[in-house]
Each structure stands twice: as C-alpha cells, then as structure tokens.
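The values are calculated or read from the model by the stated rules, or taken from the named source; none is laboratory data. Note that this is a predicted model, so its numbers are computed, not measured. Counting neighbours? That spans all protein chains shown, and the Cβs are built from the backbone with ideal geometry, glycine included.
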Amino acid sequence: MAVSSDNPHPLRLEGVGMERPLTPLRAAAADSFLVAALLAALGATVMRGFHGNAYHLFSRYCLLWIEFFVPAAVFLGKKDLRGSGVFAFALFPLWFALCCLYHGVSLTVAGEAQAALVHLTSVALIAFPFAELTGDGRRRKILDAVLLAGLIVFALMLLIAFYGVFRGACFSLWHGRLRFGATYSATGRLELRVLLWHQYCTAFLAMACCLSIPYVLASRPRRCFYVPAAVLELIFLAAVALGASRNAMLALMAGFACIAAIGIRRSSLPVRTKKFVFAAVCVLLLFFGAFSMNFIYRNVTHSIRTIWYGLTTLTSRIEIWGAVPKMLRDRPEALLWGLPYVKLMSVLNGYIPLEGDIAHMHSGYVHTLCGMGVPGGALASAYTVLFFRDFFTLVRAKPESGISATDQLLAVVPFSIWCVNLLEPELFLPGSSMLSLNVLFALLCGYLRCTARANRS
C-alpha cells in the first residue's frame, strides 16, 4: 500500500509487510513529542546561563530520558535517514564519551562532563534531525513558531537589560541568578548583563536573531508585521552594539552581505548593474562596521584601540592557539584522545604565555581539537563541509530552480553562527555558557539539509 505524501509518518504492520499511514492523532502526537524535545534542549541551554546545578539536574533527569525516546519516534515514523547526515552527527557524542572513558572522566556523576555529553546528544538526536523527523506539511510551521517565540522572549529580556543600562544599574533576581542591566569593569567598560551570560554571548545570540528577522518576514510577508519586525531588529542591533564584540559585528556584516547578495541575485537588474550594486553594498557595510567598532571602542569599552589593532593581533588569540603544538609535543596521546574535558583549560593554561587563566581556546575548531583529538576535529570539519555543501546549493540557486528566497535567507543564520565559531568556541565541543547557538546551528542545518537534498534529487 502506497504511503500518502501528505502524511509522512508511515507505520509498518508486523508480520504483514504492508505500510499504512499514521492516524492524524498519532502523527500530531509524534510531532508534539519532537517539539517538546526541542524545547527541552533549548530550555536546557538557557538554564545553563543562570543556574549550573539546575542545568546539570535537568540534563540528567529530563533531557537524557527524552533523548532515549527519540529513536522510538524514528522507528515509529519509519523515517529513512540515509543520506541525511544524522548518523555522522551521532558519531560526535559517541567519540566524546570514548574520550571521557579513556581519561577516566566519570559520565555517571552529574557534572560538566555528563551535561556536555547530554548536550551533544541532544544536538545530534534532536536538533539536527528535527526537520527530517517532523511532518512535511508542518515542518516549516513548527520552525517559524519556535523562532518567533524565541525572538519575542529574548527581545523582552533585552528590553529589561536596556532599562538597566539606561538607569546605570543591574537588576538581580532569584539570589543574583537572574541579572539584567549593566555593570562596569575597573576600567569603566560597560558590560551588558542578561542572565549570567557573558556580554559577548549575548551579542552573538542577538546577532543570530538580527539575521533571523528577514527570514521571518519572508515566510510571513504581511504589512502588519513590518513595524514589529523593525522594532525587533533595532533591539537586536542595539544588543550587538552594547555587547561590544567585534566578532559579532563582523559576523553581522557578513550576514547582511549574504542577504544583499540574495536579494540582488533574485532581482531583474542587468548583470553588470547587479555587480555594481553588490560592491556598493559591501563598501557601505565596511564603512558601517568600521564606524560601529570605533563607536564601541570609544563609548562602550572606553578604549583607544583601532580596528587595525584588532584585526592584526586577534586579541592575543595567536598566543593562545600557539599553546596547542607545545601541548601536543609533551602529550602526544592528545592527538588521538584529546585532553580530559574537566581539565582541558587547566592543562592548556600552563602553555599559554599570558597573564591570568584563559577560559577557553577562542575557536570552536581549536577547542574541539584539544578536547577530542584529531578524530573530533575531523568530525567538526566534516560537519562544516556538509553545511557548506548545502549552504552553497541554496544560496547560489537561481530563481527558476524552485528554491525560494525564504530558504536562502534561512541559510544566512547558521552561516553567521559559523563565522562567530571561527574565533569563539560556540559550536561542536562546548566551550562557553552560550549553548543555544550550538542547538540553533544544528537545527537550521537540518532544515537546510532537507531543502538541499530535495533540490539535488
């Protein structure tokens, strides 16, 4: 019996060898479970930003059990995941677990290692295959609803923080675990506070939200949404500026350049005119980025540093990354197994020629290489190749290919997150408190994967 394309949740009858579609009720129940699993994964990442103990307990006693039931949804829906990249993603938490076992790091005790494993598993089993597991007719509606809810909630949190910045104060709730507003360093540097996130993490998430607005507008092109969308865009832009992160600003400029390229490519202008307009847009973005960074340095960070200084020195990242060859020379086994996750930075700080302890390796790829060895770095690189294959398939598609502008705009968001990951450990092995970007990146990569596969086939 053929399966209807309107209902992608078939059920195999045992002993009969026939398939019949799931009932609407069971299909809705399956999708509801997957949505709940995704919200739990995202909720855990937010919880990580204000209560570490609650995050560990939630990961162990809630999110972990949810992950156990996700394969059941796969078998119930008889989803063919071959070619989707899901199995490659599943290798990442598996290798992390093997590295922990090799180093004698316990995964049975609630702590950082166990929480990291649960997080990586949620990325591999929930976020990335989410688009494949949900129904075709509901796939994009679910994503739009989750994104819109996330944008509104984060914008409200930022407004509370902006009020604190305006008052020059920081509001603390729940014994200091919920913080909104502004604090100032010893040098007078303004530090934007949202929960307990580092201000750079807040800027990264605001940057991703900023680039999500064009997709939301394209998916719901109604005039009544224009003004609220513009307000949200201004809120997120202000958060990027107050976050004082050059990395977030550069990623934002790169994302806007991609959006401009998509719009110009889909226009009816002559080819020569398209090239001229795109070059002009890039020049304007460079000037805007330079002006913004100069404003940040002088009015937010109270620094006289120049843009050239930031670009040439990478803020001591060269010295930080230079510690890796020194460590590998003394610990050759780290090439295969990496360093113990719970002692990663305590070991590397002994090789970094800088004052004070460094919190992470300031690059997702370098941090993953140090924590999971060459196999972990190779897996991260493989995911990157997989992403860019789908990214270029969508972004470079001509209008007559059937790829909509909505699909192309969606691809910009994970691209900007990847740009951030080059200089901050936001993807792959957790290196910061902002785990939301890892889940969001995998979720959107899964959607791009579905669209790109359909286009190629």
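With the requirement that a residue be farther than 15 Å from Leu410 by Cα, in contact (Cβ under 8 Å) with a residue 24 or more places away in the chain and either of a type in the set (Phe, Trp, Tyr) or touching an Asp or Glu at 6+ places or on another chain (Cβ under 8 Å) (or both), what does segment 202-230 give you?
Phe204
I need the helices (runs of 4 or more DSSP H) fully contained in segment 86-167, keeping only those with at least 3 residues that are aromatic (Phe, Trp, Tyr) and surrounded by 19 or more Cβ atoms within 10 Å (Cβ to Cβ).
Output list reads 86-102.
Output the residue which, of all residues in segment 216-274 that are aromatic (Phe, Trp, Tyr) and surrounded by fewer than 22 Cβ atoms within 10 Å (Cβ to Cβ), is modelled with the highest pLDDT.
Looking at the filtered set, the residue picked out is Phe256.
Based on what the data block shows, is Ala131 modelled with pLDDT under 90 and either acidic (Asp, Glu) or farther than 15 Å from Phe50 by Cα (or both)?
Here the answer is yes, as Ala131 does meet what is asked.
Which of the residues spanning segment 422-448 are buried (at least 24 other Cβ atoms within 10 Å of the Cβ), within 21 Å of Val374 (Cβ to Cβ) and over 9 Å from the mean Cα position of the chain (by Cα)?
Answer for segment 422-448, where residues must be buried (at least 24 other Cβ atoms within 10 Å of the Cβ), within 21 Å of Val374 (Cβ to Cβ) and over 9 Å from the mean Cα position of the chain (by Cα): Pro425, Phe428, Leu429, Pro430, Gly431.
Considering (1) at pLDDT below 85; (2) of a type in the set (A, V, I, L, M, F, W, C); (3) under 29 Å from Val165 (Cβ atoms), say which one Met207 fails and leave the rest.
(1)
So in segment 187-215, with the set limited to residues that are over 13 Å from the mean Cα position of the chain (by Cα) and in a helix (DSSP H, G or I), which one is surrounded by the most Cβ atoms within 10 Å (Cβ to Cβ)?
Only one residue tops the list, namely Cys210.
So which residues in segment 348-376 are charged (D, E, K, R) and touching a residue at least 12 places away in the same chain (Cβ under 8 Å)?
Hit for segment 348-376 is Asp357, nothing else.
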